[in-house]
Structure formats: C-alpha cells, structure tokens
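Below is one structure, written out as structure tokens; the observations come after it.
The values are calculated or read from the model by the stated rules, or taken from the named source; none is laboratory data. The structure presented is a predicted model; accordingly, all values stated were derived computationally and were not measured. Methodologically, a virtual Cβ is constructed for each residue, glycine included, from the backbone with ideal geometry; neighbour enumeration extends over all protein chains shown. Heavy atoms of the whole protein, side chains included, go into the accessibility calculation; ligands, DNA and RNA do not. Shrake-Rupley method; radii C 1.70, N 1.55, O 1.52, S 1.80 Å.
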Amino acid sequence: MKKYGYLFLLAAMVMACQNKSNNKQQQTEDLPKQDTVAEQAPTDSLAAPDKEIVYSADVDSIIDGRILLPSTYRVWENNDVSKIINGNWLELHHKNGSYYVQSASYHIENEDEEPCSGLPTETIVPKEDVLVFFNIPTVQKGAVDSVAFKNPIIEPGKPFEFTFQHDNYKLQATGIQFHKDQERGNPHARYTLKLYKNGQYIRTIIDQTQYNDTASELAFIGDLDKDGLPDFIFSSPRDYEEQRMIIILSGSAYAYDGNVQFDC
C-alpha cells in the first residue's frame, strides 16, 4: 500500500507542476503585446538618411538640368535653352515681401552674336522678380513659408541660427574666409557648411573645394516641397566667370545645380 501511495503522491505533484506551468503560459499569452522598436535615425531629418549625408560639389552628387536662371545662355551644339524650358517648369519669385512658386512666366530674347564668345545667345526674361526656374517634381505651387536673413555669407566661427516650424536650426561653416582677399583668390580653398536641428547634426549641405574669387552665399530659406522642413538655395559659383545656383531640398540626398558660363 505504501508503494501505491508514493506513486499516487508523485503523480499528483507532476500534474500540479504542469498545471502551474500551463497557467503561467496562459497568463503570458493574455498580456497585451508590446512593440519593440529598434533605435533609428530621426525620420524628420532633411533627407531621412540612415547615415550622414554629405553634399559636395562633385558631379555625382548633383542633379543637372533641373534649374535654369533668368540669365543669358550661349547657344552651341544645338543646346538651345528655349528647347529646355516649357510650360511644365516652375519659378520661384519674390513679390511684396513674400516668395511664391508658380508656373514659369517668361519670354525669350535672342541675340545673333555675343561680343565675348561670338556665339548666338538666348536670354530668359521673367515677368516677375525670379530667383530660379526649375523642373523638380516635389516642389509645390503656392506661397512659400520662408526665413528672412541679413547676411548671405555665413563665415566660419559665426554660425547662423533661425527658427522654422517651431524647431531651432543652425548653419555652421568651416574653411575659407570669404572676406579675406588672399583666400578668395585661392581656387582650391575649401568651404563646408553643416546644418543642425535642435542641437543635433542633420547633414552637410555645402562642401565645395573650388573658389576663384567667389563665395557661397545664401539666397533663400523656405519650404519649397511643403513637408514642414526648410529647403535652401545658394549662389555658389566656382569661378568669377560663372553664375551657379544650388537647391538643397529636405527630402533629397542630392542637390540640384544650375549654372551659366560667361567667360571670354
């Protein structure tokens, strides 16, 4: 009888442990599930990158053919500007203290022979005070939220801070001092401009190594693609015989470049 008693007691203990384990498992399954989110880079950064985005003046980081300037273009090798710009293009113009994006409004003036190059030219003459013409799908029509600034050149050691959509931004430069004549004449001087948001590094938006008596100058800050983040336009020629505008959009890892050469 003792033998059967011990067996009965052992079986009861095993069943009790199994019930306890099953109850614990059932309690675990009944608990609300918690999502586990891996640490990620902020998704509201200028380009929402997985790693630092560095913009440089190299050809592979610039999208050409999307920007035209209200300027005179030389016609050579059938490269007529009148065949590029059309009704699908937009313009950014300044009027009554505000900026607007609208369909491009302009006319073309022709010249048979430019005195300097001897080439025929086409000049894009805008109806409004246009900063740039562009053919960029993400840019939206309408009034543009913009930021006013006094000094177009951001010198190293003198960061420019501004507020946009309740966030604090800072543009901080290193490299060439544009106000120093000996550096402005150096064609290989480097200038780097970095953007910070609420104290955190976002991206490098200018990293240019070619300057020949020129400077990188801030031309515009505002929300061109209407995503609530600031976009930038810079005048950044590499030589004194070049006009060059660069658009840096918050949602693009690449810059858009437009330039006009007027060297003799």
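All of Glu161, Glu114, Glu155 fail the test of being open to solvent by less than 40 Å² (accessible area, probe 1.4 Å), acidic (Asp, Glu) and closer than 25 Å to Phe232 by Cβ, apart from Glu155. A Cβ distance below 6 Å, combined with a sequence gap of six or more or placement on separate chains, defines the contacts here; from the range 200-220, residues that are over 21 Å from Glu161 (Cα atoms) reach residues that are in a strand (DSSP E or B) in the pairs Gln208/Tyr191.
So that you can scan it fast, the table gives a plain yes or no per residue for (1) modelled with pLDDT of 90 or more; (2) touching a strand residue (DSSP E or B) at 6+ places or on another chain (Cβ under 8 Å):
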position	(1), (2)
Tyr55	no, yes
Gly65	no, no
His93	yes, yes
Tyr100	yes, yes
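Where strands (runs of 3 or more DSSP E) sit wholly within the range 156-264, those with at least 1 residues that are within 24 Å of Arg66 (Cα to Cα) occupy 191-197, 200-208, 217-222, 231-235, 242-248, 255-261.
Every test in (1) closer than 30 Å to Ile176 by Cβ; (2) buried (at least 16 other Cβ atoms within 10 Å of the Cβ) is passed by Ile85 save one, and that test is (1). Mind listing whichever residues of the range 117-152 are in a strand (DSSP E or B), of a type in the set (Gly, Ala, Ser) and loosely packed, with under 15 Cβ neighbours inside 10 Å? Across the range 117-152, the qualifying residues are Gly142, Ala143.
So is Thr204 open to solvent by less than 60 Å² (accessible area, probe 1.4 Å), of a type outside the set (Phe, Trp, Tyr), in contact with a Gly (Cβ under 7 Å, 6 or more places away or on another chain) and farther than 22 Å from Tyr100 by Cβ or not?
Here the answer is no, as Thr204 does not meet what is asked.
Annotation note: of Gln177, Gln208, the sole residue that is modelled with pLDDT under 95, within 23 Å of Phe149 (Cβ to Cβ) and in contact with a helix residue (DSSP H, G or I) (Cβ under 6 Å, 6 or more places away or on another chain) is Gln177. Has the range 249-260 got at least one residue that is open to solvent by less than 50 Å² (accessible area, probe 1.4 Å), closer than 17 Å to Ala173 by Cα, in contact (Cβ under 8 Å) with a residue 40 or more places away in the chain and in contact with a helix residue (DSSP H, G or I) (Cβ under 8 Å, 6 or more places away or on another chain)? No; the residues of the range 249-260 include none that is open to solvent by less than 50 Å² (accessible area, probe 1.4 Å), closer than 17 Å to Ala173 by Cα, in contact (Cβ under 8 Å) with a residue 40 or more places away in the chain and in contact with a helix residue (DSSP H, G or I) (Cβ under 8 Å, 6 or more places away or on another chain). Restricting attention to the range 93-111, which residues are within 13 Å of Lys141 (Cα to Cα) and open to solvent by less than 70 Å² (accessible area, probe 1.4 Å)? Selection gives His93, Tyr99, Val101, Gln102, Ser103, Ala104.
For the range 215-248, the set of residues classified as open to solvent by 10 Å² or more (accessible area, probe 1.4 Å) and hydroxyl-bearing (Ser, Thr, Tyr) consists of Ser235, Tyr240, listed by residue number.
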